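The values are calculated or read from the model by the stated rules, or taken from the named source; none is laboratory data. Predicted, not measured: the structure shown is a model, and the values here were computed from it. Positions of Cβ are backbone-derived with ideal geometry, glycine not excepted, and every protein chain shown enters the neighbour counts. Accessible surface is based on the protein model in full, side chains and every heavy atom, while ligands, DNA and RNA are left aside. Shrake-Rupley method; radii C 1.70, N 1.55, O 1.52, S 1.80 Å.
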Amino acid sequence: MKVLGILASHQEHGLNAQMLDEVLKNVDEGVETETIYLENYQITPHKYHEKNPVLDELSEKLMSSDVWVFAAPTYWRELSGVLKNFFDCMRPKFVYFKENGDTIPGKFKDKHYLSITSCYVSPLENFVTGVTDESFKTIDRVMSAAGVIKTGEIVLPGTFGMKEIPEAKKRLAVKYGHKISHKKRKDDSTLKRYIQLFFMIAIMALITMGIQVPLQNIMPIDNFWINYISFTVIFFVLLACILHFVTFVKHRRR
Ligand SMILES: Cc1cc2nc3c(=O)[nH]c(=O)nc-3n(C[C@H](O)[C@H](O)[C@H](O)COP(=O)(O)O)c2cc1C
């Protein structure tokens, strides 16, 4: 089992480097780790019929690792250029092309990754405006095309003037260090998601029927169609609220 840290910051010993180091030094015993600093590599696109030893070397490192940890600051509200360039140049290795131009996951399919990014703005501002969102989204988009499975993400906001990472983030790094030490063949959260869905529906149905009880005073709920329509409307409103919470509020990064 091997974890590869990929540092893509302008600063070799900055906060992303510290965060990455904190994750890697907390992997379980027996797990091998290695860090590569992308600025040390001359990463250029692969040219047809020409050898590209740098891409081959990096590809080899990716292949020999089970988990990749990307640590890249947010620059101009986007992913750092060096990581974006790495993704762009690695595209032919990340995906295979079908005859119609569609892509399918390439040779790294079913490996795992963890993303780390940081920004100057405060946790509250990042929560409200989502400064780091694009950085995570770009990593997720590329990894999804390559068939690489996400294990989580760590955001470090409020880095202006910060010299050392806060204790809470160090604890998060420790948690992820252990989490990524266990090899999982596939995204094994499917069963968990079905169980969550079952309980969500059961609770929503209960709340809906609870709301319908006092409605008996103002409408004939014992009529099948009125019962059905009121149930559907109340259930829909509850579902919309939950989906809004899950997609917009819970997934906001702080
Ligand atoms: C070119 C550049 C662009 C940046 N753009 C943003 C930005 O749009 N929003 C923000 O909050 N911080 C921005 N920052 C601050 C970086 O996110 C911050 O320097 C980073 O957290 C430091 O990470 P490091 O110590 O690993 O280098 C920018 C920094 C640089 C160098």
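Structure values in brief
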item: Highest-MSF residue in the chain out of Phe136, Phe236, Phe224 [GNM, Cα springs under 10 Å]; result: Phe224
item: Förster radius 35 Å - calculated FRET efficiency between Lys137 and Glu99, Cβ distance, rounded to 0.05; result: 0.75
item: Value at 222 nm in deg cm²/dmol, rounded to 500, when DSSP H runs of n ≥ 4 in the chain each add -39,500 (n - 2.57); result: -15000 deg cm²/dmol
item: Most mobile listed residue (Asp102, Asp56, Asp222) in the chain, GNM with C-alpha springs under 10 Å; result: Asp222
item: Hydrodynamic radius of the stretch 190-250 per Kirkwood, over alpha carbon pairs, in Å; result: 12.8
item: Gyration tensor (Cα) of the chain, equivalent ellipsoid semi-axes in angstrom; result: 42, 23, 18
item: Residue of Gly30, Gly177, Gly101 that the Gaussian network model of the chain assigns the largest fluctuation, springs spanning Cα pairs under 10 Å; result: Gly101
item: Of the DSSP H helices in the chain, those whose Cα atoms cover at least 27 Å axially and whose Kyte score averages 1.0 or more; result: 190-215, 224-244
item: Whole-percent carbon and sulfur share, accessible surface of the chain, 1.4 Å; result: 61
item: Sparse-neighbour loop sites [GluC sites (Glu not before Pro); the stretch 59-159; at most 15 other C-beta within 10 Å; DSSP]; result: Glu99
item: Unsatisfied cross-links (Cα-Cα over 22 Å) in the set Lys25/Lys93; Lys109/Lys169; Lys61/Lys137; Lys111/Lys137; Lys84/Lys192; Lys61/Lys170; result: Lys25/Lys93; Lys109/Lys169; Lys61/Lys137; Lys84/Lys192; Lys61/Lys170
item: Local electrostatic count, Val27, Cβ distance below 10 Å [Lys/Arg +1, Asp/Glu -1]; result: 0
